[in-house]
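No lab work stands behind these numbers, since they all come straight from the coordinates. What you are looking at is a predicted structure, and each value in this text was computed from that prediction instead of being measured. Cβ placement follows ideal geometry from the backbone for every residue including glycine, while neighbour counts extend to all protein chains displayed.
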Amino acid sequence: MDVPLAAMRAIGRAGGATLNDVYLGAFAHAVHRLHWQGTGLIHPPLPVTMAMSTRAPGRAAAPGNALVSVRLQLPCHRTTAAEALAAVVARTARVRDDRRRDVARLTLA
């Protein structure tokens, strides 16, 4: 399914989510639906590793890679796309707030 970027951004703004959160929420919901249709069972949370930018505010266009890997449980057990997105937003907010990016900025500088 192709979803216009503008639509994904609008969904993110409405839910307090980043574009990456919207993508992860949609992916989690797709896994849920495919698993449910194939097995009749609810898929458990799915552990994934994702990249998180360590760029300081105002440095988005700086050259080079500035990221750290973080582990996250995708909420594939949520039954609606809205529930999945809300759970992703909560989980990524916790990861952002735990100061990993700040530590990575200092370590990689």
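Can you give me the relative contact order of the chain as a percent, contacts being Cα pairs under 8 Å and 6 or more apart?
Relative contact order of the chain: 30 percent.
The dipole here belongs to the stretch 1-78: it is taken about the Cα centre, uses +1 on the Cβ of Lys and Arg and -1 on the Cβ of Asp and Glu, and is about 180 debye.
At 222 nm, what helix-only mean residue ellipticity would the chain give, in deg cm²/dmol to the nearest 500, using -39500 (n - 2.57) for each DSSP H run of four or more?
Working: 4 runs with 58 residues, N = 109.
After summing the helix terms and dividing by the residues of the chain, the value is -17500 deg cm²/dmol.
Positive end of the dipole of the chain (Cβ unit charges, origin at the Cα centre): among Gly12, His32, Thr79, the Cα lying farthest that way belongs to Gly12.
Using r as the Cβ-Cβ distance of Ala56 and Leu19, and R0 as 22 Å, what FRET efficiency do you calculate, to the nearest 0.05? Efficiency, rounded to the nearest 0.05: 0.70. Extension gain for Arg71 to Ala7 (0.36 nm times residue separation, less C-alpha to C-alpha distance): 20.3 nm. Residues whose amide H lies under 5 Å from that of Cys76, counting only those 5 or more places away or on a different chain, are Leu46; hydrogens are built 1.01 Å from N in the peptide plane.
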